[in-house]
1. Could you check the stretch 101-125 and list, in sequence order, the residues that are surrounded by fewer than 21 Cβ atoms within 10 Å (Cβ to Cβ), assigned to a loop (DSSP other than H, G, I, E, B) and either at pLDDT 95 or above or β-branched (Val, Ile, Thr) (or both)?
2. So, in the stretch 165-201, exactly how many residues are at pLDDT 60 or above and loosely packed, with under 14 Cβ neighbours inside 10 Å?
3. Take the residues in the stretch 52-100 that are closer than 15 Å to ARG26 by Cβ and of a type in the set (Asp, Glu); name whichever of them is modelled with the highest pLDDT.
4. Which one of GLN77, GLN88 is within 13 Å of the chain's Cα centre (by Cα) and not aliphatic (A, V, I, L, M)?
5. Out of the residues in the stretch 135-160 that are in a strand (DSSP E or B), in contact with a Lys or Arg (Cβ under 9 Å, 6 or more places away or on another chain) and touching a residue at least 40 places away in the same chain (Cβ under 8 Å), state the one that is nearest to LEU109 (Cα to Cα).
Amino acid sequence: MAGGWIHLITGCMFSGKTDEMLRLIRRAEIAGRRVLLVRPAMDSRTTDGSVESRSGVAYKALTVQDSGEIPPIVTGQRASVVAIDEAQFFDDGLPEIAELLAAEGRSVLISGLDQDFLGRPFNSMPTLLALADQVTKLSAICTVCGADATRTQRLVGGRPAAADDPLIVVGGMNDDRYEARCRAHHVIGSARGATSDLLWDQLPVVYE
C-alpha cells in the first residue's frame with residue numbers, strides 16, 4: 001500500500017461537511033477501495049451503526065470511544081480508506097493516529113468543526129489542519145444576513161449562549177440551539193459567572 005494522505009474537511013455547522021465526506025466515500029467505493037467510516041461515541045445525534053448528514057444521506061459506521069481503537073479496526077477490516085466523522089469530539093491522540101494511518105499508505109478523510117461556539121479553534125482540529133495534505137473549508141449561509149457563514153452560533157432560550165456555558169452540547173439533526181453565522185453576526189453572551197484566564201479549561205461538557 002503506497003501514497004497515503006490526509007484530507008481534512010472542515011467549517012462551521014450546516015456547511016455540508018458530512019455530505020462532502022460521504023460524497024468522497026462513494027467515489028472511493030466506485031474506484032474499488034475498501035472503506036471504513038468511524039464516529040465518536042460522544043456524537044449521539046443518530047443511532048449507532050451509521051453516519052447521517054443533515055440532507056439525509058447515510059453510510060454505515062463504527063462507533064469508537066477514543067482514537068486508539070481505530071488502528072486495530074482498520075487493520076482487521078483491511079481498509080485502504082479511513083473516514084473519521086466529527087473529529088472535534090475525539091481525544092488529542094487523533095492527529096497521531098491520522099499520521100500513522102497515512103504513513104501506512106492509507107487515505108484518511110476527516111470531517112469536523114474548526115471552531116467551537118466561542119469562535120476558538122476546537123480541540124485537536126488546529127493540529128489536524130497543519131498536518132493535512134489537503135484541506136477543504138466549507139461555509140454555510142448566515143441566518144441573519146444571508147452572507148457566507150464561518151461561525152457556529154449557539155442559542156440558549158433563543159439568546160446567544162454565555163461565554164461560560166458548557167463548551168460542548170451535542171446538537172440534534174433538527175436542532176434550534178445552533179445557527180450558522182457570519183463573523184459580523186456571531187455573538188457571545190456575557191458570562192453568567194466570574195471569568196478568568198483559566199475559564200476555558202474549566203468549561204464542562206453537556207450531553208443532551
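The values are calculated or read from the model by the stated rules, or taken from the named source; none is laboratory data. Values in this document were obtained by computation on a predicted structure and should not be read as measured data. Neighbour counts run over all protein chains shown; Cβ positions are idealised from the backbone, glycine included.
1. Those that are surrounded by fewer than 21 Cβ atoms within 10 Å (Cβ to Cβ), assigned to a loop (DSSP other than H, G, I, E, B) and either at pLDDT 95 or above or β-branched (Val, Ile, Thr) (or both): GLU104, GLY105.
2. First, the residues of the stretch 165-201 that are at pLDDT 60 or above: 165-170, 176-193.
Going one step further and asking which of them are loosely packed, with under 14 Cβ neighbours inside 10 Å, we end up with 176, 183-184, 190-193.
Within the stretch 165-201, residues that are at pLDDT 60 or above and loosely packed, with under 14 Cβ neighbours inside 10 Å number 7.
3. The extreme case among them is ASP85.
4. Selected residue: GLN88, the only one of GLN77, GLN88 that is within 13 Å of the chain's Cα centre (by Cα) and not aliphatic (A, V, I, L, M).
5. Taking the stretch 135-160 first, the residues in a strand (DSSP E or B) are 135-138, 140-141, 148-149, 151-156, 159-160.
From what's left, in contact with a Lys or Arg (Cβ under 9 Å, 6 or more places away or on another chain): 136, 138, 140, 149, 151-156, 160.
Narrowing further to those that are touching a residue at least 40 places away in the same chain (Cβ under 8 Å): 136, 138, 140, 149, 151-152.
Working: THR136: 11, LEU138: 15, ALA140: 20, ALA149: 23, ARG151: 22, THR152: 22 Å.
Among those residues, the one meeting the criterion is THR136.
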